[in-house]
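Peer 1: Structure provided below as structure tokens; questions to follow.
The values are calculated or read from the model by the stated rules, or taken from the named source; none is laboratory data. Since this is a predicted model, take the numbers as computed values, not measurements. Because the Cβ atoms are built from the backbone with ideal geometry, glycine has one as well, and the counts that use them run over all protein chains shown. These accessible areas exclude ligands, DNA and RNA; they are computed on the full protein's heavy atoms, side chains included. Shrake-Rupley method; radii C 1.70, N 1.55, O 1.52, S 1.80 Å.
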Amino acid sequence: MSEPDKFEDDLLYAITRTGEGFRAEQGGLVAGGYQHGRRRWRRRSTAALVGGAAALALVGTGAVYLVGRPAKDAGTVAASPARTFTAGSGTPVATPTTAQPSAPNVVTGDEVLATLRALLPKGETTQGKGRGTDDEQTKGTFAAADVVFDDGRGKSLIQIGIQKHRPGQGQSNSCPADLKLAQLDSCTGTTLPDGSRLQLLQGYEYPDKRATTKEWHALLTGPDGREISLSEWNAAAEKGAPDSRPEPPLTLDQLKAIVTDKSWDRVVASVGFDGVDVTALDPGLSLEEREATLTRLLPPGVTVTGRSGSPLVATFQLAQGQTTGSVVLRVENRAKSADEQAYKDALTLPDGNKVLTRGGPDGADKMPLTVNALHPNGIAVTAAQGPSGKPLLTEEQLRAIALSPAWKAGK
């Protein structure tokens, strides 16, 4: 996958996750959007292991990339019900490992890999790679490992990733209401005795099933912020590798046993929280207040018909006559943050506003049209064409929304 494609996929994931609760009109969009979270894990895991990944400016639960390029004109800059699991054969058993313990607050890639290997059933593991919290590239906010596992019935790629989120910032692990629409064979979400949420699903590498490769997945999110994601395929590699067996090797029970194993506690303790503290950026504006301001700024004939979002980011469903669309709006108080790197390449306007514009149908970066504005009062506003419907707002209209002085911190 090329860097622009990875960039686009992560942005679309970040945007669409804020719009949960709206029913998509196309099965492909539902299936594709539902798998963005798992793709995010796979890409980050792979990138972390092989290196060379683009840095992602993901902030909070609905991040927008704040990166720009030269403008074409002034101010136009790119910125199921629960199911009973049937126990399978091959109970995870510990295997010897040569990984040496590291300092208490650091976990090496070798240790992460050894932990994964120790929790797998009996079989051969090859091509193992791991990344620990001693890696400078991820600054201790991510740990991962992957192996090719063969239980004698064919090879399978198995990947695990561990990161930690502040409250409200983790990805959703609820199951879709319509499994058929989401192109999943099964999905179960369970709350465990300790308050953790466990999702187990059986699906396909490609939601449109253009290949027969299956992907089975477990996602554990815990009260301490842990997010442990485990995926397995009935192929020895991702994307285009031939199927090596009819199904992935581990049962759902085995996937559950691995992600809930206490062996990961030390890794989780070593992983730092990713992103930023949303509470430090919360402008104190409710969804109702943001909708009221947006409504005043929309062009005549365009109305708000629905909303969904987080403390910082919201998706607003729009309508203009019989045409529907959406806009993603992010409002934050950067006066409480010393980080202005995201706007270092912005165009500064005479009134002191800084602006970055990016994306659109002609953009080489293949991302939705997005306008980022940093106001002199520290309020930062991002307005982007949303993931559903048709684009109802032009670049100039998004720009007017982002730059409006109506955006002020709440009480």
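Peer 1: Counting Lys and Arg as +1 and Asp and Glu as -1, each charge on the Cβ, what is the dipole of the range 118-201 about the Cα centre in debye, to the nearest 20?
Peer 2: 140
Peer 1: Please work out how much length the chain gains when fully extended from PHE273 to VAL304, using 0.36 nm per residue of separation minus the C-alpha to C-alpha distance, in nm with one decimal.
Peer 2: 7.7 nm
Peer 1: Related question: Using modelled backbone amide H atoms (1.01 Å from N, in-plane), which distant-in-sequence or interchain residues come within less than 5 Å of GLY306's amide H?
Peer 2: Result for GLY306 returns GLN317.
Peer 1: Turning to a different aspect of this structure: Per 0.36 nm of contour for each residue apart, how much would the distance between THR125 and ARG153 grow if the chain were fully extended, relative to their Cα-Cα spacing?
Peer 2: 8.8 nm
Peer 1: Let me ask something else. Give me the distance in nm between label points sitting 7 Å out from Cα along the Cα-to-Cβ direction at ASP185 and SER263, one decimal.
Peer 2: Output for this residue pair reads 2.6 nm.
Peer 1: Leaving out ligands and nucleic acids, note down the accessible area per residue over the range 176-276 with a 1.4 angstrom probe, in whole Å².
Peer 2: Ligands and nucleic acids excluded, the result is 39 Å² per residue.
Peer 1: Sort SER286, SER229 by accessible area with a 1.4 Å probe, largest first.
Peer 2: Per-residue accessible area, sorted high to low, gives SER286, SER229.
Peer 1: Using a 7 Å offset from Cα along Cα-Cβ at LYS239, what residues in the range 192-213 end up with backbone N under 13 Å from the label point?
Peer 2: Only 206 fall inside the zone, counting backbone N under 13 Å.
Peer 1: I would also like to ask the following. What figure in square angstrom, to the nearest 10, would you give for the accessible area of LEU120 with a 1.4 Å probe?
Peer 2: Here the accessible area works out near 0 Å².
Peer 1: Another question, then. Using the Cβ atoms and a cut-off under 14 Å, what net charge is assigned to the surroundings of VAL304, where Lys and Arg are +1 and Asp and Glu are -1?
Peer 2: Computed value for this residue: 0.
Peer 1: Which sequence of LYS408, LYS122 reflects their accessible areas, 1.4 Å probe, from the largest down?
Peer 2: LYS122, LYS408
Peer 1: Let me ask another. So how much slack lies between THR348 and ARG210, counting 0.36 nm per residue of separation and subtracting their Cα-Cα distance, in nm?
Peer 2: Gain on stretching THR348 to ARG210: 45.0 nm.
Peer 1: Rank these by accessible area, largest first, 1.4 Å probe: TRP233, TRP216.
Peer 2: TRP216, TRP233
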